[in-house]
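Notes for the one structure printed next.
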Amino acid sequence: MPKPLSARTRKSAAGKPDHLDFLCDVGELTAVVTDSADLGACLQRLTTLVAQHLHTAVCSIYLADDSGQSLVLRATVGLNPAAVGTTRLKAGEGLAGQAFKELRPVLDNHASRNPQFKAFPAIGEEPFDCFLAVPIHRGAAHIGVLCVQRRRNQPFQTEDAKALQTVASQLAGLIGNVQALLAQPAAGGGPLPVRRGGMRLLRGQPVSGGSATGPALVVAAGPSPAKTAVPEPAGGTEADLARAAEETARQIKDLQDRIARRLPEAASLIFDAHLLMLHDDGFVGEMRRLARAGRPARTAVREVAAKYTAIFAASPQAYLREKVKDIEDIAQRLLANLEPAARREESAAGSIVIARDLYPSDIVRRWAEGAKGFVLTSGGVTTHVAILARSLQLPAVIADAPELAAVAPGTPLLVDGDTGNLYLQPRADVLKRFAEGERTRTTAHQRAAEMRDSTFTRDGERITLRANINLLGEVALARDLKAEGIGLYRTEFPFLIRTAFPTEEEQAALYARLVAGMPGRTVTFRTLDVGGEKALAYFNQGREANPELGLRSIRFCFRHPDIFTAQVRAILRAGATAKVLRVMFPMISSLDEFRAARQVVLGCAEALRAEGIPHAAHPAIGMMIELPAVVELIDAFAAEADFFSVGTNDFVQYMLGADRGNELVADAYCPHHPAVLRALAQVVAGAARHGKELTVCGEMAHRPEYLPLLVGLGVRTFSVDPHHLPDMQARLAALDLTQAQALAREILADPTIAGIARRLHLPAKPA
Ligand code: PEP
Ligand code: MG
């Protein structure tokens, strides 16, 4: 969200406005414009800022259109807002056109008497005769014009022109960068669309497979409903407001029903707060009182939302600050329901959501609204937001392209989650090709019939395939695809996608559904793995300089024994009916930690026994291998742990010191780095020496290029997202163990990434 602009107006000793202070603020604007997805709104903010600082009644920005021969009014304060997008000037026409054409400031304190003056009757500039326009240009490239106007008795000085030129030169850099993407609408105002007519292809990283098309919905950027600078259309009575509140409550209940059906772990919690607020006398009640007193309903919504946003935003408590999003969401929905035409733009239904810094609960919210796909502008493919998108089967890509900041809401998009490609304004033939592809896409469900109960290599080596489960909805697929149990249940997902901690009872009920979904098979619960990039939106974790190296995973659980104990009790209770219940801990770094965590499980089992509550009395207790610290101690761990699971996502991250979620270091995040592979070989051998099962459960497990190597290294159990199971089984059936072992030997002898990449037929640079 853009930072608020400060609008200080300092007077110098001579009593004139101090332009230096102003120029500092313009520097702040750079960040705002760069951050913002909506250039139109930014220009509008800029005009407000300039007008405040230069004490002008009017400030307007004109930008050149595609031809470069005409100017279009793009933002204004002081003139008729309806003129934005419709008022056009030819280069050289009028005073602004002159500044544009001749690339020089035009200052006239009696503008209407200037023979060059061009009057626009509906624009409302008659009272503002003092006129100053400066060109916005980069070198010889004409970009637009920045104009200010004052009333007759407030003339401009030459230092005003200099200050305005400096602003214009800052603006030139910003606008110039994005202008290649912008075209002027043929008629009417409205947001700036991406380049007229032409399809554009942006290359990103694939995150979640499948393709989807729809209009862009840019979220988590731009002005909030409470703060928007866009002039408010008047109207709307208390009765309208009451109707809008009812309609909003109905829509939210609908969303809740949809979530409850498909995502039981989120239950209704995500929108409970919304419903409470819609019935709250201090919130909607206050809006209605204002409307009754004569305030237009939309204004009342904005005012009350702004008041509560400010209160919650200032709270030191994360879960209260989190409420700001709820307030903004409700205000948006109320406004949309007061103004049906606006609704299409606000709702995610049918749209492709472009966002950065989303919490998993936001993804769920948008998914429940009917979003068809996601474009994330930050993060990496192994972040939990990405994992969640896959679990919800929402096509998604990560594309860190600056162009995305300028995509106008509603721009047609096509997301290809298989390749990472993103098409802006896709051509009809491209849309058709993808639509056909989707029609013929074989879903994992359809492949259930080809699955065999157990998996063998070509030469008969037995391999166990289990499923990684993030959401309960995936269990049915895992069962249909004959997964031999659950190798990793990421228990943090119910924590991540809700808006408050689930209780022990709620967890026990959820976990019991998981166990019931895999009758007679192994179910592996990983204890809570939050912190780091898996931030709980509602929990004050405090700021950490290096969250991935901070209070996360098992460390978080040790720091919050009440949360840890409630979870372990819930797991053991749910496991009462499981054939094999396994509990494992993430991010273990020492034997001491493993023992302490195991002691919590044993303590909980003992407490449940004493309380007479049915539970799994003797679960298998194991650990994830995610830290290099484990490698040298593998024998000591293997003597005590019942089983291991290698989380390659984190193992690679920590072996190589490369953030798994940071696309800037994606090159350094290299699963086939020789040190990673040698370490892997050590832990596989260590577990085998002690007869302990070792699973590979990170993303590396399902990548075809690594499969022969992993089997050759001695891995015999894999846990992958359920939809990978058919391909995994087929590839293993074609794999020759002797060849795989030879390949592993060669690779372990090679100390270079490039050499290993060649042997694995990978590009020299990691993908
Ligand atoms: C891993 O680190 O590889 C893993 C499976 O755990 P997560 O991706 O949930 O951190
Ligand atoms: Mg991990």
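All of the numbers you see were taken from the coordinates with simple rules; none came from a lab. For clarity, every value in this text was computed on a predicted model and none was experimentally measured. A quick note on method: Cβ atoms are made from the backbone with ideal geometry, for glycine too, and the neighbour counts reach across all protein chains shown.
Each residue of region 302-314 is assigned a 3J(HN,Hα), and the resulting list reads 5, 5, 5, 4, 4, 4, 6, 4, 5, 5, 6, 4, 7 Hz, derived from the Karplus form 6.51 cos²θ - 1.76 cosθ + 1.60 (θ = phi - 60°), x at Gly and Pro. For region 592-616 and region 54-126, what is the separation of their C-alpha centers, rounded to whole Å? That distance is 75 Å.
Comparing VAL720, LEU677, GLY698 along the charge dipole axis of region 638-767, the residue lying farthest to the positive side is LEU677, per the Cβ-charge model.
Rounded to the nearest whole angstrom, the semi-axes of the ellipsoid equivalent to the chain, taken from the Cα gyration tensor as √(5λ), stand at 56, 30, 24, largest first.
Taking Cβ atoms as reference points and 12 Å as the exclusive limit, the residues near GLY575 contribute a net charge of +4, counting Lys and Arg as +1 and Asp and Glu as -1.
For the chain, the antiparallel share of DSSP beta bridges with both residues in that region comes to about 55%.
Return the subset of LYS482/LYS534; LYS253/LYS579; LYS432/LYS534; LYS579/LYS692; LYS534/LYS692; LYS323/LYS534 for which the Cα-Cα distance in this structure is over 27 Å, preserving the input order. Check vs 27 Å cut-off fails for LYS482/LYS534; LYS253/LYS579; LYS432/LYS534; LYS534/LYS692.
Normalise the Cα radius of gyration of region 629-767 by 2.2 N^0.38 Å (N = residues in it) and let me know the number.
Compactness ratio reported: 1.01.
Per the Kirkwood formula applied to alpha carbons, region 391-463 shows a radius of gyration over Rh ratio, Rg over Rh, of 1.17. If only the Cβ of Lys and Arg carry +1 and only the Cβ of Asp and Glu carry -1, the dipole of the chain around its Cα centre is close to 940 debye. In the chain, taking the dipole from charged Cβ atoms about the Cα centre, the farthest positive-side position among VAL601, GLY370, THR577 is held by GLY370.
When the alpha carbon gyration tensor of region 234-338 is reduced to an equivalent ellipsoid, its three semi-axes come out at 24, 18, 9 angstrom, largest first. Summing Lys and Arg as +1 and Asp and Glu as -1 over all other residues whose Cβ lies under 14 Å from the Cβ of GLU506 gives a net charge of 0. Between amide H atoms placed 1.01 Å from N, distances below 5 Å from ILE398 occur with GLN205, VAL207, LEU376, all of them 5 or more places distant or on a separate chain. Ranked by the mean number of other Cβ atoms within 10 Å per residue, highest first, peptides 251-257, 478-484 order as 478-484, 251-257.
Around the amide H of VAL58, modelled in the peptide plane, lie the amide H atoms of GLN149, all under 5 Å away and 5 or more residues distant in sequence or on another chain. Each residue of region 315-330 is assigned a 3J(HN,Hα), and the resulting list reads 6, x, 8, 4, 5, 7, 4, 4, 5, 4, 5, 4, 5, 5, 5, 5 Hz, derived from the Karplus form 6.51 cos²θ - 1.76 cosθ + 1.60 (θ = phi - 60°), x at Gly and Pro. Residues whose amide H lies under 5 Å from that of GLY210, counting only those 5 or more places away or on a different chain, are GLY417, ASP418; hydrogens are built 1.01 Å from N in the peptide plane. Rounded to the nearest Hz, the phi-derived 3J(HN,Hα) couplings of region 698-713 under the Karplus curve 6.51 cos²θ - 1.76 cosθ + 1.60 (θ = phi - 60°) are x, 4, 4, 4, 9, 7, x, 5, 9, 4, x, 4, 5, 5, x, 6, where x marks glycine and proline.
Mean residue ellipticity at 222 nm, helices only, the chain: -12500 deg cm²/dmol; runs of at least 4 DSSP H residues each add -39,500 (n - 2.57), and the sum is divided by the number of residues.
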